[in-house]
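The values are calculated or read from the model by the stated rules, or taken from the named source; none is laboratory data. What you see is a predicted model, and the numbers here were worked out from it, not measured in a lab. Because the Cβ atoms are built from the backbone with ideal geometry, glycine has one as well, and the counts that use them run over all protein chains shown.
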Amino acid sequence: MSNPEGEGWVKVKALLDGRSTYARLPGDLLLRLGVRPGFRRRFVTAGEGITRYDVAVVLIRLNGRVLPTLVVFGEEGSAPVLGAYTLMEFGMVSDPAMRGRR
């Protein structure tokens, strides 16, 4: 993973979770890499109801490919997660909007 300029690559072990929408990484890690929040987005969470989190664009290298993806600024020490949006970009999960349309 890297900031949008491709500077400061860092290896991150992340859970693959097709039920999560976006990638989520600890905010302190993102800030150390020079990633700054681009905007805030509302999310519905199981425990907190509706809340807002900072979101930015990062570069992710996975299976030899590099693509930009959205990442949510998670709590310090939270587990990194790659969600459905990122996994679809890399062709690792099916796109529900394309169901049966090949």
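Considering only residues that are within 18 Å of Ala79 (Cβ to Cβ) and among the charged types (D, E, K, R), which ones fall in the stretch 21-68?
If the condition is that a residue be within 18 Å of Ala79 (Cβ to Cβ) and among the charged types (D, E, K, R), then Arg24, Asp28, Arg32, Glu48, Asp54 are the ones that fit.
May I ask you to say which residue of Leu67, Leu82 is of a type outside the set (Gly, Ala, Ser), within 19 Å of Trp9 (Cα to Cα) and without any contact (Cβ under 8 Å) to a residue 24 or more places away in the chain? So that I can check it myself, show each step before the final result.
Values: Leu82 fails: without any contact (Cβ under 8 Å) to a residue 24 or more places away in the chain.
Every option except Leu67 fails the conditions.
Please determine, by comparing only the residues of the stretch 53-73 that are under 24 Å from Gly91 (Cα atoms) and not hydrophobic (A, V, I, L, M, F, W, C), which one is nearest to the chain's Cα centre (by Cα). Don't jump to the end; show me each part of the working.
The first filter runs over the stretch 53-73 and keeps only residues under 24 Å from Gly91 (Cα atoms), leaving 55-73.
Filter once more, keeping what is not hydrophobic (A, V, I, L, M, F, W, C): 61, 63-65, 68-69.
Details: Arg61: 12, Asn63: 16, Gly64: 18, Arg65: 16, Pro68: 10, Thr69: 6 Å.
Applying the filter and picking the extreme gives Thr69.
Considering only residues that are surrounded by 12 or more Cβ atoms within 10 Å (Cβ to Cβ) and either basic (Lys, Arg) or closer than 17 Å to Glu7 by Cβ (or both), which ones fall in the stretch 45-65?
Within the stretch 45-65, Ala56, Val57, Val58, Leu59, Ile60, Arg61 meet the criteria.
Could you count how many residues in the stretch 7-16 are over 18 Å from Met92 (Cβ atoms) and β-branched (Val, Ile, Thr)?
Selection size over the stretch 7-16: 1.
Condition check ((1) out of contact with any Asp or Glu (no Cβ under 7 Å at 6 or more places or on another chain); (2) at pLDDT 95 or above) across all residues:
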| residue | (1), (2) |
| --- | --- |
| Asn3 | yes, no |
| Leu15 | yes, no |
| Tyr22 | yes, no |
| Leu25 | yes, yes |
| Arg40 | no, yes |
| Val44 | yes, no |
| Val55 | yes, yes |
| Glu75 | yes, no |
| Ser78 | yes, no |
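So that you can scan it fast, the table gives a plain yes or no per residue for (1) touching a strand residue (DSSP E or B) at 6+ places or on another chain (Cβ under 7 Å); (2) of a type in the set (D, E, K, R):
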residue	(1), (2)
Lys11	no, yes
Asp17	yes, yes
Pro26	yes, no
Leu30	yes, no
Gly49	no, no
Gly74	yes, no
Ser78	yes, no
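Listed residues Arg36, Arg19; which is within 21 Å of Gly91 (Cβ to Cβ) and of a type outside the set (A, V, I, L, M)? Steps first, please.
Details: Arg36 fails: within 21 Å of Gly91 (Cβ to Cβ).
Going through Arg36, Arg19 in turn, the sole match is Arg19.
Among the residues of the stretch 1-39, write down those that are closer than 18 Å to Tyr85 by Cα, surrounded by fewer than 12 Cβ atoms within 10 Å (Cβ to Cβ) and of a type outside the set (A, V, I, L, M, F, W, C).
Lys13, Arg19, listed by residue number.
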